[in-house]
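Report on the following structure.
The values are calculated or read from the model by the stated rules, or taken from the named source; none is laboratory data. Keep in mind the model is a prediction, meaning the values are calculated, not measured. Note that each Cβ is placed from the backbone with ideal geometry, even for glycine, and that neighbours are counted across all protein chains shown.
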Amino acid sequence: MAAFFVVLIGGLLADRYWARRVIGIACLMAGLFGAMRGLSGDFISLAVTTFFFGLFLWIIPASILKTTATWFYGRNFVIANGVVAAGMGVGFTVGSMISATVLSPLLGGWENVLFLYGAISIIIGLLWFITVREPEGPGSAGSEGGVPFRQSISRVFRSKSIWLIGLTLLGYTACIQGMTGYFPTYLRNLGWTTAGADGTLAIFTGVSTLGVIPLTLLAQRFSLRKAIIFPILFITAVGVALLPLVGSAMVWVLMILIGVARDGFMAICLTMGMETKEIGVVYAGTAVGLVQTIFNLGSSIAPPLGNSLASPTNPASPFPFFLWGAFGLLALVAFVFVKETARKRK
């Protein structure tokens, strides 16, 4: 819920005041509220602190991509965004692996784990203020005082390509988010062991992190975006729809095929948004913020819509996966109308 309020605001702030200040403050406040979750004594207090944690957490992604646009726009831009996506993937993977099983017993409970993560976030925020220097150039606050909010909104909201990229990501994330949230439960209902069912999601996340750098290197090497994205969308839409129709061995194969391109897909698509002719470095933060707001809608509506099609009398019902596959098809259709950006870069 917090993301809907602040993702676009984070991008606007990054374009107006540059990302060093925005990321530094967001990390400090996210660390503070993230640690305060460890003080929660009931559900209401945990929900409130988590919401405020999310408000500052979701300012960061668009601001981070604003920095990559400022520092790396050009030949290495897509690789820089791939490194950022890989960092996020490593964080998600390592956090899920060690938080409950290693850190919680070691530190004496989940509360202390949240205190530790909060402290790490605060330290990173301080490092942004102490070590990062604001560059002089197009799109930096130091060169032109930043872009006024009204100008950013007017420029970005009139871009047809940004809306099409946002719709593409809406369909893709709806497809992936719906499937990953339900699939382990679906497999357990079919008689899979808990370890086996959860393992499919673990390998999905792992190969996604491993695949992002090679995929973005490929996008740079051949100066292509659409030729790489189209096969990913097709494999994802068809693969998700086929999951309830194949045997156990093919389930693992499909999860690897669908997962290996997830983070790379996000990096390349967001790069295309910032490479759009009317966006560039100057409006990169606002563009990413708008795109993320659009695709967060897909992440929110897809799980409940698909889960509503699950049948309590038929645990093997394929209809949730057919719906999520249809979201992937929506992404494929929307992406047909997106213009290639790589060849137009200077």
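Report, by residue number, each residue of the stretch 295-346 that is more than 19 Å from the chain's Cα centre (by Cα), over 18 Å from residue 229 (Cα atoms) and among the small types (Gly, Ala, Ser).
306, 308, 310, 311, 316, 317
Collect the residues in the stretch 311-321 that are buried (at least 16 other Cβ atoms within 10 Å of the Cβ) and in a helix (DSSP H, G or I), keeping them in residue-number order.
320, 321
Residue 101 passes all but one of (1) within 27 Å of residue 205 (Cβ to Cβ); (2) within 21 Å of the chain's Cα centre (by Cα); (3) modelled with pLDDT under 90; which number fails?
Of (1) within 27 Å of residue 205 (Cβ to Cβ); (2) within 21 Å of the chain's Cα centre (by Cα); (3) modelled with pLDDT under 90, only one is false for residue 101: (2).
In the set 126, 164, 187, 169, which member is surrounded by fewer than 16 Cβ atoms within 10 Å (Cβ to Cβ) and at pLDDT 90 or above?
126
Evaluate the stretch 227-246: report whether one residue or more is out of contact with any strand residue (DSSP E or B) (no Cβ under 9 Å at 6 or more places or on another chain), of a type outside the set (Phe, Trp, Tyr) and in a loop (DSSP other than H, G, I, E, B).
Yes; the residues of the stretch 227-246 include at least one that is out of contact with any strand residue (DSSP E or B) (no Cβ under 9 Å at 6 or more places or on another chain), of a type outside the set (Phe, Trp, Tyr) and in a loop (DSSP other than H, G, I, E, B).
Just checking, which of 295, 327 is closer than 15 Å to residue 174 by Cα, modelled with pLDDT of 95 or more, aromatic (Phe, Trp, Tyr) and assigned to a helix (DSSP H, G or I)?
327
Test of understanding: among 74, 54, 82, 89, which residue is of a type outside the set (A, V, I, L, M, F, W, C), within 21 Å of residue 214 (Cα to Cα) and at pLDDT 90 or above?
Criteria check complete, one pass: 82.
Taking into account only those residues within the stretch 104-118 that are of a type in the set (A, V, I, L, M) and either surrounded by 14 or more Cβ atoms within 10 Å (Cβ to Cβ) or not in a helix (DSSP H, G or I) (or both), which is nearest to the chain's Cα centre (by Cα)?
114
Which one of 266, 250 is in a helix (DSSP H, G or I), in the same structural domain as residue 300 (by TED's automatic domain parsing) and surrounded by fewer than 19 Cβ atoms within 10 Å (Cβ to Cβ)?
250
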